[in-house]
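**Student:** Here it is, the structure in full.
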Amino acid sequence: MIPSEPLDELSSRQAQMLALDAWLQSPAGRYFTSREQAWIDQVMPDLFGFRAVQLGTRMVDGLKASRIPHKAYVHEAWAGNQPDAPGNAMPDCFAEFEELPFESQSLDMIVLPHVLEFSDDPHQLLREVERVLMPEGRVVITGFNPMSLWGLRHVMFKRWAKVWPNGCAPIHLSRLKDWLKLLSFEPEFGRFGCYRFPAFTAPGLARMGFMEHAGDRWWPVCGAVYFICAVKRVRGMRLVGPAFKDKALAVKQLKPVANKALHKTPTIDGHSSTS
């Protein structure tokens, strides 16, 4: 159902998510989303399962190209005042991302397009993702890279002109990998992108087109956005020693040991003797 409270009464977290949707509709935002959408559409047809969920914005539709039959979109706030905005379709449900309304080990895939940057506790959000994912389930994450030209411009000039949307706190990929490792997630594949010099108009971005191929070749880890897919690994138990497949063979091998034990009698000093 649609939230009844007006936009000025939304929580700060909800206002931040709406600000992200507005920013992603700008020329700079469309530059990012076009590349993220192309990457996701390329890999999603090869990721299988039964149930998939996307959290947050739908400006990047991570489930559009997926072959998974059951899909759902979860949001914390809906931009109901912009019904004609691209990607602004009504979500299937509303929920706090740190307390997802799904049973444990019930989902095969979760997509997080620019969700962790706006979370007050991103590690808790990832713990919740780990809880609801089945073993061998996947989490797909896109995020802004602070180790990039865009991140450098944000640090140097944020006092006059911020680069990222309000409330955004980009997470270093190395830190994200550490969090995933602690939660038994294993990175499966990923990539960087968006190497153009920071610009906020379509003509300005177009003039920097030559940097796209140069950055992909010479400084690939400095792309302004990263994409990563990780698999939830659950370590199981393994039997130590031989496993008897033939019951008759097992009985035959164990019988001499049992007979030998029956012929032993205990003595006073605690040792056994054979009769």
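**Student:** Of the residues that make up the stretch 211-223, is at least one aromatic (Phe, Trp, Tyr) and closer than 21 Å to residue 60 by Cβ? I'd like the intermediate steps shown before the answer.
**Tutor:** Step one: filter the stretch 211-223 for residues aromatic (Phe, Trp, Tyr), giving 218-219.
Subset that is closer than 21 Å to residue 60 by Cβ: none.
Scanning the stretch 211-223 turns up no residue that is aromatic (Phe, Trp, Tyr) and closer than 21 Å to residue 60 by Cβ.
**Student:** Taking residue 19 as the residue in question, decide whether it is at pLDDT 90 or above and open to solvent by 10 Å² or more (accessible area, probe 1.4 Å).
**Tutor:** Numbers: at pLDDT 90 or above: no; open to solvent by 10 Å² or more (accessible area, probe 1.4 Å): yes.
Taking the combined requirement at face value, the residue does not satisfy it.
**Student:** Still on this model: How many residues, within the stretch 180-198, are surrounded by fewer than 17 Cβ atoms within 10 Å (Cβ to Cβ) and either in contact with a Gly (Cβ under 9 Å, 6 or more places away or on another chain) or not basic (Lys, Arg) (or both)?
**Tutor:** 8
**Student:** Okay, moving on. Would you mind telling me which numbered condition in (1) surrounded by fewer than 14 Cβ atoms within 10 Å (Cβ to Cβ); (2) assigned to a strand (DSSP E or B) residue 229 fails?
**Tutor:** With (1) surrounded by fewer than 14 Cβ atoms within 10 Å (Cβ to Cβ); (2) assigned to a strand (DSSP E or B) applied to residue 229, the lone miss is (1).
**Student:** Residues in the stretch 162-202 that are touching a Lys or Arg at 6+ places or on another chain (Cβ under 8 Å) and among the hydroxyl-bearing types (Ser, Thr, Tyr): how many?
**Tutor:** Number satisfying all stated conditions: 1.
**Student:** In the stretch 22-33, what residues are open to solvent by less than 30 Å² (accessible area, probe 1.4 Å) and out of contact with any Phe, Trp or Tyr (no Cβ under 6 Å at 6 or more places or on another chain)? Please lay out each step first, then the result.
**Tutor:** Narrowing the stretch 22-33 to residues open to solvent by less than 30 Å² (accessible area, probe 1.4 Å): 24, 28-29, 31-33.
Within the stretch 22-33, 24, 31, 32, 33 qualify.
**Student:** Something else now. On the basis of being at pLDDT below 95 and not polar (S, T, N, Q), does residue 53 make the cut?
**Tutor:** On the way: at pLDDT below 95: no; not polar (S, T, N, Q): yes.
So residue 53 fails the test.
**Student:** Please name all residue pairs, on different chains or six or more residues apart, with Cβ atoms under 7 Å, provided the first residue is in the stretch 225-236 and is farther than 26 Å from residue 148 by Cα and the second residue is of a type in the set (Asp, Glu) and open to solvent by 10 Å² or more (accessible area, probe 1.4 Å).
**Tutor:** Short answer, once both residue conditions are applied: 231/136; 231/186; 231/188; 232/130; 232/136; 233/186.
The values are calculated or read from the model by the stated rules, or taken from the named source; none is laboratory data. From a predicted model like this one, the values you see are computed outputs, not experimental measurements. Methodologically, a virtual Cβ is constructed for each residue, glycine included, from the backbone with ideal geometry; neighbour enumeration extends over all protein chains shown. When the accessible area is computed, the model is the full protein with side chains, heavy atoms only, and any ligands, DNA or RNA have been set aside. Shrake-Rupley method; radii C 1.70, N 1.55, O 1.52, S 1.80 Å.
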